[in-house]
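Student: First the structure, then my questions, so here it is.
The values are calculated or read from the model by the stated rules, or taken from the named source; none is laboratory data. None of the values given here were measured: they were computed from a predicted structure. Cβ: placed from backbone, ideal geometry, glycine included. Neighbour counts: every protein chain shown.
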Amino acid sequence: MLDDPVSIRALKRYLVEQEIIVQLPEVMENNKNAVKKVAVIGAGPAGLSCAYFLARLGYQPVIYESESRPGGMLTQAIPAYRLPREEIAREIRMIERIGVDINCDTKLGRDITLKQMREDGFDAVFLSPGAPIGSALGIPGEDADGVDDALTFLKHYNIRGNVRINRNVLVIGGGNAAIDAARTAVRLGADSVTIVYRRKRSQMPAYKEEVEEAIVEGVKLIDLTQPVEVVKTADGKVAGLKCLHMTLGDFDRQGRRRPVKESEDYFIIKGDQIITAIGQGIEKSVFDEVEGLEFNEKGYIKIDESTGRTSVDWLYAGGDTSSGPSSVVKAIHAGEAAAVGIDFDLNGEDHAFWREERINDTNFDPDLDPVPYPREKVPLIPAEKRRSNFDEVELPWTEAVALRQSSRCLRCDYGKPVIPREVIND
């Protein structure tokens with residue numbers, strides 16, 4: 001109604017950039033907790049977060065990660081141009097320094113089992129192996145040579161450093177995985193990259209700025225389009241997508257208008273590689289040996305979101321394993337909630353000292369007029385310079401810009417800086 005909101009993410013980014021030496025967090029010394037056995041399955045954002053907060057409570061948790069290095073979707077799916085690898089490595093080293101043991105190349109169901117872990121005396125296990133299985137299209141021809149799942153495509157490049165890329169790539173889906181796959185294909189040298197989405201662009205679940213930057217980088221978006229068949233060449237390779245034009249009908253349960261076919265007139269979008277990003281699922285078979293573990297209607301592990309508790313008293317879960325594909329922030333929160341829940345169940349008390357409210361002595365003058373500055377955009381590397389590399393696209397603000405932007409808050413008793421006008425106007 002008034003203007004654009006304060007860019008909290010960009011301000012936090014600026015503050016983080018000022019930290020040159022990693023600061024170790026406060027850790028409780030607790031001999032009672034140190035002898036308890038707690039395991040975490042999966043070294044993604046949820047698992048790392050859970051282990052981090054458990055370590056701060058005096059536990060010595062052990063993480064089992066199926067891949068050769070920790071990070072989960074932070075390193076396997078999110079491209080380096082969005083999340084630099086050195087930043088992730090620095091954070092993981094900090095987590096290890098406070099007492100977390102990370103065992104890579106150890107897969108649940110292959111190298112370890114939940115039954116075995118329980119027999120070995122583990123008091124609690126946090127399940128966060130993610131939702132690594134891509135959903136099938138369910139249309140004729142999807143077995144063609146050249147059809148790839150987005151997670152597999154991204155993982156192969158991010159972990160191995162190479163992946164097949166053809167000349168004309170079609171990406172099916174409208175989430176962040178679809179955008180990441182499309183922008184990665186651009187950087188790997190595809191002649192053309194086209195996203196096919198069955199709803200309108202405004203309804204895409206991907207972050208708005210990611211969609212905009214993908215288009216700036218040359219990605220074409222065809223919305224209100226439903227693939228119905230993968231067109232194959234005589235030797236079984238991808239030749240394109242057979243599609244229908246869609247229109248929006250009634251609202252579905254999520255409050256979005258349901259796409260319905262506009263007519264029976266088919267059309268072909270040519271391409272020699274298809275990357276699908278239409279959903280993800282969990283590997284349920286690894287949980288079969290645990291009796292009583294409940295799943296929700298979407299097939300993910302059912303939990304109490306405030307504690308991470310499952311229907312089995314010694315098992316906890318969080319991240320994509322329980323919520324389905326979601327944000328990194330939500331996964332980190334799930335890990336923290338589970339750590340607090342585990343500690344409470346093992347001790348009968350709440351020891352989460354970092355949640356305690358603290359007296360805030362920040363000065364605030366409610367009579368100070370709001371500054372007249374508009375919201376500034378985050379600086380980006382020019383599109384022509386970033387299309388051929390994986391350098392970080394977003395750059396941090398300068399100090400002067402960060403100060404100006406933080407002063408735009410109309411009413412914020414928490415953390416509003418007292419900045420002399422001459423500094424702001426500089």
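Student: Exactly one condition in (1) part of a loop (DSSP other than H, G, I, E, B); (2) surrounded by fewer than 16 Cβ atoms within 10 Å (Cβ to Cβ); (3) of a type outside the set (Val, Ile, Thr) is false for Arg258; which is it?
Tutor: With (1) part of a loop (DSSP other than H, G, I, E, B); (2) surrounded by fewer than 16 Cβ atoms within 10 Å (Cβ to Cβ); (3) of a type outside the set (Val, Ile, Thr) applied to Arg258, the lone miss is (1).
Student: Out of the residues in the range 324-350 that are over 28 Å from the mean Cα position of the chain (by Cα) and in contact (Cβ under 8 Å) with a residue 12 or more places away in the chain, state the one that is surrounded by the fewest Cβ atoms within 10 Å (Cβ to Cβ).
Tutor: Of everything passing the filter in the range 324-350, Asn347 is surrounded by the fewest Cβ atoms within 10 Å (Cβ to Cβ).
Student: Hey, among the residues in the range 183-199 that are in contact with an Asp or Glu (Cβ under 9 Å, 6 or more places away or on another chain) and free of Cβ contacts under 8 Å to residues at least 40 places away in the same chain, which one's surrounded by the fewest Cβ atoms within 10 Å (Cβ to Cβ)?
Tutor: So, considering only residues that are in contact with an Asp or Glu (Cβ under 9 Å, 6 or more places away or on another chain) and free of Cβ contacts under 8 Å to residues at least 40 places away in the same chain, the one surrounded by the fewest Cβ atoms within 10 Å (Cβ to Cβ) is Tyr197.
Student: Continuing with the same structure: For residues in the range 174-232 being hydroxyl-bearing (Ser, Thr, Tyr) and under 21 Å from the mean Cα position of the chain (by Cα), which is nearest to Lys261 (Cα to Cα)?
Tutor: Residue satisfying both the conditions and the ranking: Tyr197.
Student: Of the residues Ser263, Ser285, which is farther than 18 Å from Pro140 by Cα, assigned to a helix (DSSP H, G or I) and at pLDDT below 95?
Tutor: Being farther than 18 Å from Pro140 by Cα, assigned to a helix (DSSP H, G or I) and at pLDDT below 95 holds for just one of Ser263, Ser285, which is Ser285.
Student: Of Gly319, Gly341, Gly335, Gly308, which residue is touching a strand residue (DSSP E or B) at 6+ places or on another chain (Cβ under 8 Å), of a type outside the set (S, T, N, Q), closer than 30 Å to Ala214 by Cβ and in the same structural domain as Arg82 (by TED's automatic domain parsing)?
Tutor: Sole residue among the options that is touching a strand residue (DSSP E or B) at 6+ places or on another chain (Cβ under 8 Å), of a type outside the set (S, T, N, Q), closer than 30 Å to Ala214 by Cβ and in the same structural domain as Arg82 (by TED's automatic domain parsing): Gly335.
Student: Within the range 258-274, track down each residue that is touching a Ser or Thr at 6+ places or on another chain (Cβ under 7 Å), without any contact (Cβ under 8 Å) to a residue 60 or more places away in the chain and among the β-branched types (Val, Ile, Thr).
Tutor: Within the range 258-274, Val260 is the sole residue that qualifies.
Student: Determine whether the range 358-370 contains at least one residue that is in contact with a helix residue (DSSP H, G or I) (Cβ under 6 Å, 6 or more places away or on another chain) and modelled with pLDDT under 95.
Tutor: no
Student: Looking for something assigned by TED's automatic domain parsing to the domain that holds Glu289, within 14 Å of the chain's Cα centre (by Cα) and of a type in the set (S, T, N, Q) - is there at least one such residue anywhere in the range 74-91?
Tutor: Looking for residues that are assigned by TED's automatic domain parsing to the domain that holds Glu289, within 14 Å of the chain's Cα centre (by Cα) and of a type in the set (S, T, N, Q), one finds at least one in the range 74-91, hence yes.
Student: Regarding Phe295, is this residue out of contact with any helix residue (DSSP H, G or I) (no Cβ under 6 Å at 6 or more places or on another chain), among the aromatic types (Phe, Trp, Tyr), surrounded by 12 or more Cβ atoms within 10 Å (Cβ to Cβ) and without any contact (Cβ under 8 Å) to a residue 40 or more places away in the chain?
Tutor: Here the answer is yes, as Phe295 does meet what is asked.
Student: Any idea which residue in the range 236-256 is nearest to the chain's Cα centre (by Cα), counting only those that are without any contact (Cβ under 8 Å) to a residue 12 or more places away in the chain and at negative phi?
Tutor: Among them, the one singled out is Gln254.
Student: Hey, Ile78 hits all of (1) in contact with a helix residue (DSSP H, G or I) (Cβ under 9 Å, 6 or more places away or on another chain); (2) at pLDDT 95 or above; (3) closer than 30 Å to Met28 by Cβ; (4) not hydroxyl-bearing (Ser, Thr, Tyr) but one; which does it fall short on?
Tutor: The single condition Ile78 does not satisfy is (3).
Student: Kindly establish whether Val147 is at pLDDT 95 or above, of a type in the set (A, V, I, L, M, F, W, C), within 24 Å of the chain's Cα centre (by Cα) and not assigned by TED's automatic domain parsing to the domain that holds Phe287.
Tutor: yes
Student: Report whether or not Ser322 is more than 19 Å from Gly47 (Cβ to Cβ) and assigned to a helix (DSSP H, G or I).
Tutor: No: the conditions fail for Ser322.
Student: For Tyr207, state whether it is surrounded by 21 or more Cβ atoms within 10 Å (Cβ to Cβ), under 22 Å from Thr152 (Cα atoms) and without any contact (Cβ under 8 Å) to a residue 40 or more places away in the chain.
Tutor: Answer is no for this residue.
Student: Give the residue that is farthest from Cys409 (Cα to Cα), with candidates limited to residues of the range 1-13 that are surrounded by 11 or more Cβ atoms within 10 Å (Cβ to Cβ) and more than 21 Å from the chain's Cα centre (by Cα).
Tutor: Asp3
Student: Let me ask something else. It is to be established whether one or more residues within the range 41-51 are hydroxyl-bearing (Ser, Thr, Tyr), within 23 Å of the chain's Cα centre (by Cα) and surrounded by fewer than 23 Cβ atoms within 10 Å (Cβ to Cβ).
Tutor: Looking through the range 41-51, none of the residues is hydroxyl-bearing (Ser, Thr, Tyr), within 23 Å of the chain's Cα centre (by Cα) and surrounded by fewer than 23 Cβ atoms within 10 Å (Cβ to Cβ).
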